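The values are calculated or read from the model by the stated rules, or taken from the named source; none is laboratory data. Quick caveat: nothing in here was measured; it's all calculated off a predicted structure. Note: ideal-geometry Cβ built from the backbone for every residue, glycine included; neighbour counts use all protein chains shown.
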Amino acid sequence: MTSVRKGQASEPMSREAFHARFMLPFFDPAFAPEREALERLEDIAWKAYKEGRKAPVTRKAGEGFADPEYELSVEWLETRARLRKAQDAWSDSATPSRVLLINASPRNDGTCPGEMSKTWRMLQLAKSEFEVPGLECDVLDLSQLTSDYARRIHPCKGCVSTAMPLCHWPCSCYPNHSLNQTGDWMNEIYERWVAAHGIIIFTPTHWYQATSPLKLMMDRLVCADGGNPDPTTTHGKHPEEAKSIEMKGWDYPKHLAGRVYGLVVHGDVAGVEDLRRNLSDWLDWMGLVDAGARARLDRYVGYYAPYATSHEALDADSDMQKEVRNVAHAVADSVALLRAGKLETPDQKLKQPRPK
């Protein structure tokens, strides 16, 4: 049995430090008349923090779990139920085909930039190609993280690196009410990925890398690749139990395998090829299937031209617009093959000798 290493975590906050942190959202003088009410709420929050009330509402896991008596978060159980329902619909040939289009640009005209993103425009070009009977299109706009009130994707806590069974599917790290880590958008995003037969990610390139919203979502999807669907086996977050399970052998279930994907990656100077490869490798690793070479697009818009005229550059690039539409067509064709049971890959019968 491997040992569990300790000693990195910081000391718990003092009451004074907690007060300063708690009051940050109420800087606006308009809150001043409610000072007494805020003090009462702060006292409740302080007690929750001191007692570590991560999941204040629980119920027994019940039938189908390794430990039916273990108390599981009601919020986690509700998310799990939605994912199971979405998976059932995904598997049912009678349901409409569903394509998830993801805008990964943080820019929109409802926040500081004051202008929509080119990425959003490309997504709309693709979306118009999916307006056919028997196909539903779901648009996930990650730019809402920058423009919506209290919209959040909390960062991954890296449970996998302690032991894969400690990473639960869906993620059980959030919400953590004792730390005010609530309102996590991923509980909805997981469901939308599960429901999709095809997925297209549209993204700009930021400093040779994925955008901040996209990377947050990617990291939190780690639980879809090998995640433990039964938190009662580790009795919540007990690293010793998780390590013991992994050392006995773990099968790394790929909860999103078999879905079709496409990519539209763009930039203005450098990095689009590397980012497109990184995203392709990531999706391949999770068991998704690319829709062919025409479905993996990386292009420059307004190469070394002013940012101020980048929308005009996209207007003028009719070939790229057609290429974006081709990504949509390639994914639509592959989704049709998938639903008909005819989508095959040459290596689909090969067993991975070193799963991870």
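Structure data summary
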item: Test: residue in region 321-341 that is modelled with pLDDT of 95 or more, in a strand (DSSP E or B), among the hydrophobic types (A, V, I, L, M, F, W, C) and buried (at least 19 other Cβ atoms within 10 Å of the Cβ); result: no
item: Filter result (touching a residue at least 40 places away in the same chain (Cβ under 8 Å), among the hydrophobic types (A, V, I, L, M, F, W, C), within 29 Å of C112 (Cβ to Cβ) and not in a loop (DSSP other than H, G, I, E, B)) within region 129-184; result: L140, L145, L179
item: Filter result for S73 (of a type in the set (S, T, Y), loosely packed, with under 13 Cβ neighbours inside 10 Å and farther than 18 Å from A224 by Cα); result: no
item: Given (1) over 30 Å from R259 (Cβ atoms); (2) out of contact with any Pro (no Cβ under 9 Å at 6 or more places or on another chain), index of the condition K60 fails; result: (2)
item: Tally of residues being in a loop (DSSP other than H, G, I, E, B) and of a type outside the set (A, V, I, L, M) across region 298-320; result: 5
item: Region 114-128 - residue that is hydroxyl-bearing (S, T, Y) and part of a helix (DSSP H, G or I) and, of those, nearest to M320 (Cα to Cα); result: T119
item: Selected residue (only one of A104, A66, A89 is touching a residue at least 12 places away in the same chain (Cβ under 8 Å), small (G, A, S) and surrounded by 15 or more Cβ atoms within 10 Å (Cβ to Cβ)); result: A104
item: Hits in region 289-312 - residues which are aliphatic (A, V, I, L, M) and crowded, with 18+ Cβ neighbours inside 10 Å; result: V289, A291, A295, L297, V301
item: Hey, W193 farther than 30 Å from H329 by Cβ and among the aromatic types (F, W, Y) or not; result: no
item: Residue count for region 266-297, restricted to those that are in contact (Cβ under 8 Å) with a residue 60 or more places away in the chain and in a strand (DSSP E or B); result: 2
item: Single residue of region 186-210 satisfying the filter (surrounded by fewer than 22 Cβ atoms within 10 Å (Cβ to Cβ) and not aliphatic (A, V, I, L, M)) that is nearest to H154 (Cα to Cα); result: N187
item: Unique residue being touching a Cys at 6+ places or on another chain (Cβ under 8 Å), modelled with pLDDT of 95 or more and of a type in the set (A, V, I, L, M, F, W, C) when the list is V139, V160; result: V160
item: Of all residues making up region 239-263, the number that are assigned to a helix (DSSP H, G or I) and either farther than 21 Å from P353 by Cβ or among the charged types (D, E, K, R) (or both); result: 7
item: Selected residue (only one of S161, S128 is of a type in the set (G, A, S) and closer than 23 Å to W250 by Cβ); result: S161
item: Cβ pairs under 6 Å, 6+ apart, first in region 319-330 and charged (D, E, K, R), second outside any helix (DSSP H, G or I) and at pLDDT 95 or above; result: E323/L297; R325/E129
item: All positions within region 148-164 that are under 14 Å from the mean Cα position of the chain (by Cα) and charged (D, E, K, R); result: R151, R152, K157
item: Members of region 39-63 found to be surrounded by 12 or more Cβ atoms within 10 Å (Cβ to Cβ) and among the hydrophobic types (A, V, I, L, M, F, W, C), listed by number; result: L41, A45, W46, A48, A55, A61
item: T95 vs. criteria polar (S, T, N, Q), assigned to a helix (DSSP H, G or I) and closer than 28 Å to V194 by Cβ; result: no
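Every residue, every condition in (1) more than 19 Å from S178 (Cα to Cα); (2) part of a helix (DSSP H, G or I), yes or no:
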{"site": "R5", "(1), (2)": "yes, no"}
{"site": "A20", "(1), (2)": "no, yes"}
{"site": "E36", "(1), (2)": "yes, yes"}
{"site": "L41", "(1), (2)": "no, yes"}
{"site": "A48", "(1), (2)": "no, yes"}
{"site": "P56", "(1), (2)": "no, no"}
{"site": "E63", "(1), (2)": "yes, no"}
{"site": "E69", "(1), (2)": "yes, no"}
{"site": "L72", "(1), (2)": "no, no"}
